[in-house]
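Let me begin by presenting the structure, written as structure tokens, before commenting on it.
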Amino acid sequence: MLENFFQLNKIGKELGLSKKEINSVFLFDDSKYPFLFKILMIIIFIFFGVFIIILVIEASRHIYPAGTLYSTVKIKDFKAKK
């Protein structure tokens, strides 16, 4: 996808288009509701950003490192000595 972006950018420069005209292709300026599409893109980027942050936080919450055995010993076990 990035290759297509750079290729279209290069073609636009070769045709003598301004930077604003080249960017209008990528920001839906030729559509019926360009402002709506820009807002939707921003909302989608924010959603994915929050989703990635939540995944990172949840992944770092694990107490035990991978491959270790979990302990089942509790404090109550030490209080009731026979």
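Only the coordinates and a few stated rules stand behind these numbers; no lab work does. None of these values were measured; they are calculated from a predicted model. Reconstructed Cβ throughout: ideal geometry from the backbone, glycine too, with neighbour counts over all protein chains shown.
Ordered by the number of other Cβ atoms lying within 10 Å of each residue's own Cβ, fewest first, 24, 60 fall into the sequence 60, 24. On the beta carbon distance between residue 53 and residue 18, with R0 = 22 Å, the FRET formula returns roughly 0.05.
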